[in-house]
Amino acid sequence: MTEQRTAQQEERLRTALQNKSLHLYCTQLSDKLNEAGITYRKFLGAMDEIENSPETVKSVMRQLGKAKYEKKSTTQWTTKECMSMYEETNRNTAKIGIHIDWPSKESQSFIEYYKEKDPVHKIDTLPIDK
């Protein structure tokens, strides 16, 4: 029963917390890429030399997800696929010396970021996924 429940949990759509983590990861990665002088063109081979942004990083992840899972939107990713795409992206950016930990409940920066950027939800602590 435990194995079956785990498989079902892995197949549910990404959670709201994973969505926030994905956006924070894209923000942090785009900042690191820009600090390292790695433009979007170098990162993806795009035609224009532009700085990275959370949107361009997410676009790269979306394109990888579309190629790997045939899903057009990150909202269609399962929890397992979301983490797999992070691992794929992180493995590739590590080759150029950039690593960003996945934002998690244990990450103080996650709480601080959303306190500052999302005053509507007033995140002081993070809910525990069940």
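The values are calculated or read from the model by the stated rules, or taken from the named source; none is laboratory data. This structure is a prediction, so every number in the text was calculated from the model and none was measured. Here Cβ is always computed from backbone atoms with ideal geometry, including for glycine, and neighbour counts include all displayed protein chains.
Could you tell me which residue of the stretch 72-102 is surrounded by the most Cβ atoms within 10 Å (Cβ to Cβ), considering only residues that are among the small types (Gly, Ala, Ser) and under 18 Å from Gln18 (Cα atoms)?
As a first pass, look at the stretch 72-102 and keep what is among the small types (Gly, Ala, Ser): 73, 84, 94, 97.
Among the residues that remain, those that are also under 18 Å from Gln18 (Cα atoms) are: 73, 84.
Numbers: Ser73: 9, Ser84: 16.
Per the criteria, the residue is Ser84.
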- Taking only pairs six or more apart or across chains, which ones have beta-carbon atoms under 7 Å, a first residue in the stretch 46-71 that is more than 18 Å from Leu22 (Cβ to Cβ), and a second residue that is part of a helix (DSSP H, G or I) and at pLDDT 85 or above? Glu51/Asn34
- List every residue pair whose Cβ atoms lie under 7 Å apart, where the two residues are 6 or more positions apart in sequence or sit on different chains, the first residue falls within the stretch 15-40 and is among the aromatic types (Phe, Trp, Tyr), and the second residue, located anywhere, is in a helix (DSSP H, G or I) and crowded, with 18+ Cβ neighbours inside 10 Å. Tyr25/Tyr86; Tyr40/Thr56
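Looking only at helices (runs of 4 or more DSSP H) that fall completely inside the stretch 1-100, which ones have 1 or more residues that are at pLDDT 85 or above?
Once the helices (runs of 4 or more DSSP H) in the stretch 1-100 are filtered for at least 1 residues that are at pLDDT 85 or above, what remains is 16-35, 54-69, 79-94.
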